[in-house]
Amino acid sequence: MQFETSDQIRLDYHVFGKGQPLVLVAGFAGYQQIWARQIPFLVAQGFQVITYDHRNHGASQRTTKSLNMQRLLLDLKELITGLDLKQPILIGHSMGASLCYGALGQFPEKLTAVVAVDQTPQMLAHGAWSPDFKRWLLQNVTGTFKRPLDPLVKKVLTPAERLHPFPFVPNLPLLVDHARQDWRSDLQNSQLPILLVVASHSWYFDWHFILPYLQKQNIHVVRLKSGHEVMAERPGTFNRVLGHFLTTQVH
């Protein structure tokens, strides 16, 4: 299915199941198929699951228009409104988690809870690219990045990547804008239930970024032995953690 944004960009999305709406938000260069192991799990828990591809990502329309975080936040808000999703839960990975942080600050009244997967709210603490981040950029450009993904995820993700190759260079403005954001106050000031899932073996972030938030009663933190794509590398463990949070803090 396709949803048209207010600036006439078509976003590809899918809806699974019925119940409390839950939107899965992929990261930079991500595809909605990355959530393949979460969709049936969440539907079985009684949720209506919505996945989508960002503009210039996946099966969504190719464009160089408005490739920045504020526009992607507006895309998400318009999708929620356009599909008439009542108080959805947002689950975001990497850049998708940053969008969830932004949603906490810009339209919290529309949300029930947020789950953020392996994403610090401030990427450039000292205004410079880390060596790990530079390595990630190089490996994405050259296609040498190794991803130990779950076999089922890989089975559905690989055809999507082949059918809709990610236009890395045209999306660089979005990546730079993503890296420059500071969502710390949005996270710190929110009173909604929040789960932060961090990866102790992530090549992307040092998990210690969570330490300032450990004292907030509404923020729950779980650290898993995984690489950056936690939900696709250790889906069974991730789903158990997610299910516990949704059952005890949201339902």
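The values are calculated or read from the model by the stated rules, or taken from the named source; none is laboratory data. Remember, it's a predicted structure, so these values are computed and weren't measured experimentally. Heads up, the Cβs are rebuilt from the backbone with ideal geometry, glycines too, and the neighbour counts pull from every protein chain shown.
Among the listed residues 3, 28, 107, 41, identify the single one that is aromatic (Phe, Trp, Tyr) and over 25 Å from residue 198 (Cα atoms).
Values: 28 fails: over 25 Å from residue 198 (Cα atoms); 107 fails: over 25 Å from residue 198 (Cα atoms); 41 fails: over 25 Å from residue 198 (Cα atoms).
Exactly one residue qualifies, and that residue is 3.
Failed condition for residue 41, given (1) more than 19 Å from residue 85 (Cα to Cα); (2) buried (at least 24 other Cβ atoms within 10 Å of the Cβ), with all others met?
That leaves (2) as the condition not met.
Can you tell me which residue is modelled with the lowest pLDDT among those in the stretch 155-189 that are within 18 Å of residue 63 (Cα to Cα) and of a type in the set (Phe, Trp, Tyr)?
Among those that are within 18 Å of residue 63 (Cα to Cα) and of a type in the set (Phe, Trp, Tyr), it is 168.
Scan (1) touching a Pro at 6+ places or on another chain (Cβ under 9 Å); (2) at pLDDT below 95 for the single condition residue 118 breaks and write down its number.
Exception for residue 118: condition (1).
Within the group 72, 79, 90, 42, which residue is in contact with a helix residue (DSSP H, G or I) (Cβ under 7 Å, 6 or more places away or on another chain), part of a helix (DSSP H, G or I) and either farther than 19 Å from residue 6 by Cα or of a type outside the set (Val, Ile, Thr) (or both)? If you could, list the steps in order and put the result at the bottom.
Numbers: 79 fails: in contact with a helix residue (DSSP H, G or I) (Cβ under 7 Å, 6 or more places away or on another chain); 90 fails: part of a helix (DSSP H, G or I); 42 fails: in contact with a helix residue (DSSP H, G or I) (Cβ under 7 Å, 6 or more places away or on another chain).
That would be 72, the only listed residue that is in contact with a helix residue (DSSP H, G or I) (Cβ under 7 Å, 6 or more places away or on another chain), part of a helix (DSSP H, G or I) and either farther than 19 Å from residue 6 by Cα or of a type outside the set (Val, Ile, Thr) (or both).
Filter the stretch 1-55 for residues that are within 19 Å of residue 118 (Cβ to Cβ), touching an Asp or Glu at 6+ places or on another chain (Cβ under 7 Å) and among the aromatic types (Phe, Trp, Tyr) and give the result.
31
For residue 150, state whether it is closer than 30 Å to residue 20 by Cα, surrounded by 15 or more Cβ atoms within 10 Å (Cβ to Cβ) and at pLDDT 95 or above.
Numbers: closer than 30 Å to residue 20 by Cα: yes; surrounded by 15 or more Cβ atoms within 10 Å (Cβ to Cβ): yes; at pLDDT 95 or above: yes.
Yes.
What pairs come out if I take residues in the stretch 174-202 that are surrounded by 15 or more Cβ atoms within 10 Å (Cβ to Cβ) and pair them with residues that are among the charged types (D, E, K, R) and part of a strand (DSSP E or B) whose C-beta lies under 7 Å away, six or more apart or interchain?
If the second residue must be among the charged types (D, E, K, R) and part of a strand (DSSP E or B), the pairs left are 198/223.
Residue pairs, Cβ under 7 Å, 6 or more apart or interchain, first in the stretch 78-89 and loosely packed, with under 14 Cβ neighbours inside 10 Å, second aliphatic (A, V, I, L, M). List them.
87/111
Residues checked against (1) under 16 Å from the mean Cα position of the chain (by Cα); (2) at negative phi; (3) at pLDDT 95 or above:
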residue: 19; (1), (2), (3): no, no, yes
residue: 23; (1), (2), (3): yes, yes, yes
residue: 31; (1), (2), (3): yes, yes, yes
residue: 34; (1), (2), (3): yes, yes, yes
residue: 48; (1), (2), (3): no, yes, yes
